[in-house]
Structure formats: C-alpha cells, structure tokens
Amino acid sequence: MNNPTEPLGFPGHSGAGPEDTPLKGTRQGADSTISVARPPVRVGTLVWGAVVVVIGILVLVTRQAGLPLDTGQTSMWLLFGAGLTMVAGGAVNVLRRK
C-alpha cells in the first residue's frame, strides 16, 4: 500500500465488484486525466437566475437614471416571461427525449 488513499483489500474479496470500479471524477494514477460527469443544467435554474439578474439590472439602471419604475407591473411581466420560458424549456426537453 503505497498510497494511503488506496482501498484496503479484505479477505475473500475478489476485487471485481462495483466498489472497485473508479468513480467518474476520481484520479486513477499520476498520468491519468480527470473526467467529471456533470448533469445537464436545468431550465428552471437558468430562468430564475435570469429573472434575478434582470431585476438587479433594472433596479440599478432606474436608480442611476432617476427613472420611475412600476415594480408591480414589472414583476408581473418578468414572472410571465419566466413562466413561458419554463414551459417552452420543458416542452423542448420532452420532445428531445422522444
């Protein structure tokens, strides 16, 4: 056992089980590359992130320019657009899987 992070060998264990297969993203040797499998980004995460960014930009721009902003109406339109985007993203995801 040269490396203290190597798994211990147990008596009666053949070493062919799934616990001996390296996980994605783990280093197998000094010369191997690390490949990390990431799940795809969810549409809802992107949409809500965009909503937060747009609200932040609107607040900054209206405060700096001294423009009046109807927050209720602006919020309604942003939520409407976010809902449409999530429905469209879900439909695209369903159609892609078929």
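The values are calculated or read from the model by the stated rules, or taken from the named source; none is laboratory data. It should be emphasised that the depicted structure is a prediction, and the values quoted were computed from it without experimental measurement. When we count neighbours, we look across all protein chains shown, and the Cβ atoms used for this are built from the backbone with ideal geometry, even at glycine.
List of remarks:
- Residue satisfying condition, being acidic (Asp, Glu) and at pLDDT 65 or above, within set ASP20, ASP31, ASP70: ASP70
- Tallying residues that are small (Gly, Ala, Ser) and within 16 Å of ALA88 (Cβ to Cβ) within segment 50-70 yields 1.
- Hits in segment 42-73 (condition: assigned to a loop (DSSP other than H, G, I, E, B) and out of contact with any helix residue (DSSP H, G or I) (no Cβ under 6 Å at 6 or more places or on another chain)): ARG42, GLY66, LEU67, PRO68, ASP70
- Restricting attention to segment 56-76, the residues being hydrophobic (A, V, I, L, M, F, W, C) and loosely packed, with under 11 Cβ neighbours inside 10 Å number 4.
- Sole exception among (1) at pLDDT 80 or above; (2) under 21 Å from the mean Cα position of the chain (by Cα) for VAL41, by number: (1)
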